[in-house]
Amino acid sequence: MEESKQHLNEDIFSKVVRAGRRTYFFDVRSTKAGDYYLTISESKKFTNDDGTFYFKKHKIYLYKEDFENFSNVLGEMTKFIVDEKGVEVISEIHDKDFKSKSEETKNIEKQDDKEGDEKSSEVEFEDI
């Protein structure tokens, strides 16, 4: 009995994806009947006011009979997001130095205008 309990809690195969403050754990585990299922866990780090930190964890269980539908919908949803918004992260929460493409374009245009004004000023002075 002790061996079967130990086998139930043992991860068969695991992968970790670190993504900023979040970490995702993909773990293959075994059912009582000896079949496999997948757990996907999200662990997110938070900091208290006193500087200590804690983690919030969320977990989903995915069984073989749901793999195909889950995979199809996940693929469809990720494709939709990438098609609609591209692969670039556009949230200031994720990047403190974030500048949108429109901001970057404006800054480049301003820089070009400034340089153009300086160049045209120089040319005008040289012409005199």
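The set of residues in the range 33-61 being within 22 Å of Phe13 (Cα to Cα), under 17 Å from the mean Cα position of the chain (by Cα) and of a type in the set (A, V, I, L, M, F, W, C) consists of Ile40 alone.
Within the group Asp66, Asp49, which residue is at pLDDT 95 or above and out of contact with any Lys or Arg (no Cβ under 9 Å at 6 or more places or on another chain)? From the options Asp66, Asp49, the qualifying one is Asp66. Could you please find all residues in the range 21-62 being assigned to a loop (DSSP other than H, G, I, E, B) and of a type in the set (Lys, Arg)? Residues satisfying the conditions are Arg21, Lys32.
The values are calculated or read from the model by the stated rules, or taken from the named source; none is laboratory data. Computed from a prediction, not measured in an experiment: that's the story for all the values here. Note that we place each Cβ from the backbone using ideal geometry, even for glycine, and neighbour counts take in every protein chain shown.
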